[in-house]
Amino acid sequence: MSIRFAGLHHVTAIAGNPQENVDFYAGILGLRLVKKTVNFDDDRSYHLYYGDAAGNPGTIMTFFTWPGAPRGRIGTGQVSATSFAVPEDSLGYWLERLLQYGVRFEQPVRRFDETVVAFRDPDGIPVEIVARPGNEGGEIWDRSPVPAETAIRGISGVTLLERSAEVAENVLTNLLGFEKAEEWDGRTRYLSAGSGGSFADVVAVPEGATGQEAVGTVHHVAWRAPDDQTLEAWRGEIEDRGLNVTTVLDRKYFHSIYFREPGGVLFEIATDAPGFAVDEDPDHLGESLNLPPWLENDRERIEEALPPVKLPV
Ligand code: ZN
C-alpha cells in the first residue's frame, strides 16, 4: 500500500550567477528569499531558497549556484519545467511584467483546465506561470514587489521528461500515491491526494537524449512527508521495492531521503518541519548567511569564497 502524501515540497535546480538568480526569482517573480545558506555537500556553492512569506512546503524553489560552470542539457530523466501557480485573473499582469523586464515568453496556451505561459530563467531553466481557478489564498509576502492579488501562490507541479511513460507511472501511482488523471497532447497528468494537490506531468520522449546535470537544469524534485515517522515508513517501502535510497539526512530545515525513480529523475522526500524559522527571525529570513552547526567554525573561509549577493530593493 502506498503512503498518501500532500504533494510537492520543493524543486532544486542549478544556477550560474547567484545575483542574476536573486534578481530574477525575488526581483521579477516576487518570491521571498527565505534562506541563504550553502550546499551542505559543497560549501563553495550557495544554496538559495525562495518561497512564500514563510517558505511553506509546496512554495519552495531552491538553487545551488555554480558561477562560471558550463551549462547542462535538459533531457530525459529530468524535470523539464517547474510551474508556478497564479490567480486566474492575473495573467495580464504577468505578461506585462515579463515584457517590462525583457523576459521572452511563449504565447499563453490552454492545457487541461489552466492557461500556461512558458519562459526561461537567466540560466535557461524552463519555468511556467500557470493560471487556473483555485490558485488563490496562501501566505503572501507583504514586501514582495508583486502585488498580493497577483502574487505567485506556490508551485503547482512539475513536468517530468521520461523515455517511457509506463516506468514513471508505476512509481508515481503505486509508490507515491498519485492518481492518474487526464492526458493532453502527449502529456499525462498525475495528481497528488489532498487539498490543493500538486501535479506531476509525464511527457514521454522514447528517443530523447538523456539530460546532463549542470547549470540550467533541475537537480531534483522533493515530495512532502508530514512527519519523521512517515518519512521512515516511506524509506522502508522504497527499499522493499528494490530501489536505492539514502539514509535519513538532516537538511536543517527538513529531514529527507533521496532516491532515483527508474526513469532517472532524482526524487527527494522531505518533512514539513522544522522549517525556515528554525535558525532565523521570521521577519528577517534570508537576509544573512546561515550555516549548519558543523560548518559554523569555517564561516570566515566560506564567506570569503562566496560572491556577494544583494537582495533587490
Ligand atoms: Zn531538496
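Scanning region 99-116 for residues that are in contact (Cβ under 8 Å) with a residue 60 or more places away in the chain and within 18 Å of Ala81 (Cα to Cα) turns up Val103, Arg111, Phe112. Of Gly30, Gly51, Gly55, Gly7, all but one fail to be at pLDDT below 95 and not hydrophobic (A, V, I, L, M, F, W, C); the exception is Gly7.
Among the residues of region 253-294, how many are of a type in the set (A, V, I, L, M, F, W, C), more than 20 Å from the chain's Cα centre (by Cα) and either closer than 21 Å to Thr59 by Cβ or in a loop (DSSP other than H, G, I, E, B) (or both)?
Residues flagged as of a type in the set (A, V, I, L, M, F, W, C), more than 20 Å from the chain's Cα centre (by Cα) and either closer than 21 Å to Thr59 by Cβ or in a loop (DSSP other than H, G, I, E, B) (or both) within region 253-294 amount to 2.
Scanning region 17-52 for residues that are within 14 Å of Val309 (Cβ to Cβ), among the polar types (S, T, N, Q) and in a strand (DSSP E or B) yields Thr37, Ser45.
To keep it simple, each residue is scored yes or no on (1) without any contact (Cβ under 8 Å) to a residue 12 or more places away in the chain; (2) surrounded by 13 or more Cβ atoms within 10 Å (Cβ to Cβ).
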position: Ala209; (1), (2): no, no
position: Pro226; (1), (2): no, yes
position: Gly236; (1), (2): yes, no
position: Asp240; (1), (2): yes, no
position: Arg260; (1), (2): no, yes
position: Pro282; (1), (2): no, no
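Just checking, does region 262-274 include any residue being away from the ligand (no atom under 16 Å from the Cβ), closer than 29 Å to Thr173 by Cβ and surrounded by fewer than 19 Cβ atoms within 10 Å (Cβ to Cβ)? Yes, because at least one residue in region 262-274 is away from the ligand (no atom under 16 Å from the Cβ), closer than 29 Å to Thr173 by Cβ and surrounded by fewer than 19 Cβ atoms within 10 Å (Cβ to Cβ). If you scan region 52-109, which residues turn out to be in contact with a Gly (Cβ under 6 Å, 6 or more places away or on another chain) and among the small types (Gly, Ala, Ser)? Those that are in contact with a Gly (Cβ under 6 Å, 6 or more places away or on another chain) and among the small types (Gly, Ala, Ser): Gly58, Gly72, Gly75, Gly77, Ser83, Ala85. Residue under question is Glu169, and the condition is that it be in a helix (DSSP H, G or I) and surrounded by 17 or more Cβ atoms within 10 Å (Cβ to Cβ); does it hold? So Glu169 passes the test.
Checked against (1) under 24 Å from Tyr258 (Cα atoms); (2) assigned to a strand (DSSP E or B), Gly55 passes all but condition (2). Is it true that Val38 is touching a strand residue (DSSP E or B) at 6+ places or on another chain (Cβ under 7 Å) and farther than 15 Å from Gly216 by Cα? So Val38 fits the description; yes. Considering every residue within region 233-247, establish whether at least one is modelled with pLDDT under 95, within 30 Å of Pro67 (Cα to Cα) and either basic (Lys, Arg) or within 16 Å of the ligand (Cβ to nearest atom) (or both). Within region 233-247, none of the residues are modelled with pLDDT under 95, within 30 Å of Pro67 (Cα to Cα) and either basic (Lys, Arg) or within 16 Å of the ligand (Cβ to nearest atom) (or both).
Taking (1) more than 18 Å from Gly7 (Cβ to Cβ); (2) acidic (Asp, Glu); (3) modelled with pLDDT of 95 or more in turn, Glu166 satisfies each apart from (3). For region 136-157, give me each residue that is within 25 Å of Glu106 (Cα to Cα) and crowded, with 22+ Cβ neighbours inside 10 Å. Across region 136-157, the qualifying residues are Ala151, Ile152, Arg153, Gly154, Ile155, Ser156, Gly157.
Here the strands (runs of 3 or more DSSP E) wholly within region 71-157 that include at least 3 residues being under 30 Å from Val205 (Cα atoms) and not β-branched (Val, Ile, Thr) are 78-86, 114-120, 126-131.
The values are calculated or read from the model by the stated rules, or taken from the named source; none is laboratory data. Everything numeric here is computed off the predicted structure, so don't read it as measured data. Backbone-built Cβ (ideal geometry, glycine too); neighbour counts: all protein chains shown.
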